[in-house]
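Undergrad: Quick one: structure below, then a few questions.
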Ligand code: CP
């Protein structure tokens, strides 16, 4: 066991070659089963927030590879964990990530974490302190199953799905459209998608109402790399000529931690919805969504159930991308 195991916290943990290899491996694993290459290996799955796809994809992936998972739900199976260093731990958390990570590393071969988010301050949550603490203290690879900032596993499936549909992604137009929802998500999916699609050479267009700008680190990084990225205040303008339309609802980072202001801003955004009229503006655009999706609020039934929707394939690809990540990290 290496003293500093490789982790997957965000896609920038992979160089372009490693990212390409992971996508190729995901595709090969979809075509042909790998066999029980992880026989006798275990992965701990720690969810501090709910999941339908990520948890099931991990459990199925490890089963298909001959391995085993231990699932622990933060809300019911154990207790709050402290992530900050040097704290006098006289508050709610009776255990530190440092100790939990050291112990769990002696039981399992990797730890996959969906960390908690306090939801009070974006300046605090964007630091991703909990997943960073697990990565620092675990003696086994740590996989980020969606932190405040990043969802690398979702972005791998997104790239894989777009490659299946379009072949080479270089020069293709991806329109990411913010959608209205009473329960928006963190911007992690969009952060990882924008980063991954720009790296793949796509022309990335982001449409959102005022106040839904992404974290500056994401846009600054893409700008520094000279990759194609533009923002629109109109979904129709962003979708014009796009080969992919990707819908997602995320919180306003401007109002983060303020439910009253957030609700008031959201009350003005009911028209931000993907329907057939919008999709028709694309270039025979395929439709993607990371799910969960609110039908006829975020996206019309017609689009979700239509021939251009790839949402089920996209979710199915989570399984293959997860297997590829597990093989890469556990066979290294
Ligand atoms: N897209 C995604 O991560 O789904 P779950 O929240 O259901 O895991």
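The values are calculated or read from the model by the stated rules, or taken from the named source; none is laboratory data. All values derive from a computational prediction rather than experimental measurement. Reconstructed Cβ throughout: ideal geometry from the backbone, glycine too, with neighbour counts over all protein chains shown.
Undergrad: Tell me the residue from 100, 130 that is without any contact (Cβ under 8 Å) to a residue 60 or more places away in the chain, away from the ligand (no atom under 16 Å from the Cβ), more than 24 Å from residue 317 (Cα to Cα) and crowded, with 21+ Cβ neighbours inside 10 Å, please.
TA: Just a single option satisfies the conditions, and that option is 100.
Undergrad: Go through (1) away from the ligand (no atom under 14 Å from the Cβ); (2) at pLDDT below 95 and name the single condition residue 43 misses.
TA: (2)
Undergrad: From the set of residues in the stretch 135-160 that are touching a residue at least 60 places away in the same chain (Cβ under 8 Å) and over 14 Å from the mean Cα position of the chain (by Cα), which is farthest from the ligand (Cβ to nearest atom)?
TA: Filtering first and then ranking leaves 139.
Undergrad: So, one more: Scan the helices (runs of 4 or more DSSP H) fully inside the stretch 16-131 and keep the ones with 3 or more residues being within 30 Å of residue 262 (Cβ to Cβ).
TA: Once the helices (runs of 4 or more DSSP H) in the stretch 16-131 are filtered for at least 3 residues that are within 30 Å of residue 262 (Cβ to Cβ), what remains is 53-64, 122-125.
Undergrad: I'd like to verify a number: residues in the stretch 154-192 that are crowded, with 19+ Cβ neighbours inside 10 Å, in contact with a helix residue (DSSP H, G or I) (Cβ under 7 Å, 6 or more places away or on another chain) and under 30 Å from residue 264 (Cβ atoms), how many?
TA: Residues that pass the stated criteria total 7.
Undergrad: Based on what the data block shows, is residue 187 within 23 Å of residue 147 (Cα to Cα), in contact with a strand residue (DSSP E or B) (Cβ under 7 Å, 6 or more places away or on another chain) and modelled with pLDDT of 95 or more?
TA: yes
Undergrad: Residue by residue through the stretch 52-73, note down the ones that are within 15 Å of the ligand (Cβ to nearest atom) and out of contact with any strand residue (DSSP E or B) (no Cβ under 6 Å at 6 or more places or on another chain).
TA: Listed by number, the residues that qualify are 52, 53, 54, 55, 56, 57, 60, 61.
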